[in-house]
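Where a number appears in this text, it was derived from the coordinates with a stated rule and is not lab data. What you see is a predicted model; the values in this text were computed from it and never measured. Quick reminder, even Gly has a Cβ in these numbers, built from the backbone with ideal geometry, and neighbours come from all protein chains shown.
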Amino acid sequence: MVDDQSLKAWFVQEILPLEAALNRYIRRNGGRDADVADIRQDIYVRLYTAAREELPRMAKPFLFATARNYLINGAKRAQVVSIEYVAELEASASVDEITPERNAIAFEELRQLRAGMEQLPPRCREVVTLRKIEGLSTREAASRLDVGIDTIEQQMVHGMRALVDFMLGGSGKIRRPPAKKARSERGEKK
């Protein structure tokens, strides 16, 4: 059984950053716009309950498998799909209208993201920029920075966790295990 603090930390660091992708997945696979928040919350409850027993090794596949199963079960219960529902699904595929309010929110989020990026250590900021902004693969980023793929992956994990922490109101500092503890866990001597 996973303790509440570890479970909450896992949820914030691993699941919440996937919320936008989950919303798109729900909409794309039969969730009406009006129901997306409710469906997402139901999926989160199932996910949280299942993770309470043991944290999954890979959060993203676990989240989307849970979402898929939830949507399949919902479709089986519904059994009859009305013409209006199909029309709503087709209409929901259209691009959302850009309003001044949404534009202001997006600008504020971008400003906050920039501030979070500035707090990252230089190498970590460079890796996040190459991977997430320029869209390079892990291998391409490693080649450009002349480092190993493992280094890129570690820097991405640290950087994204720090950014999520910052965007959720935290300090945005990178948290690494103390060197002494990390060595003792690997069985190395000082």
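A few points about this structure:
- Using the Cβ-Cβ distance between Glu101 and Met167 with R0 set to 25 Å, the FRET efficiency works out to roughly 0.80.
- Applying 1/(1 + (r/R0)^6) with r as the Cβ-Cβ distance of Val2 and Asn73 and R0 = 25 angstrom yields a FRET efficiency of 0.50.
- Added length on full extension, which subtracts the Cα-Cα distance from 0.36 nm per residue, Asp150 to Asp35: 37.4 nm
- Whether segment 100-186 is rounded, prolate or oblate, judged on the alpha carbon gyration tensor where a/c under 1.5 counts as rounded: oblate
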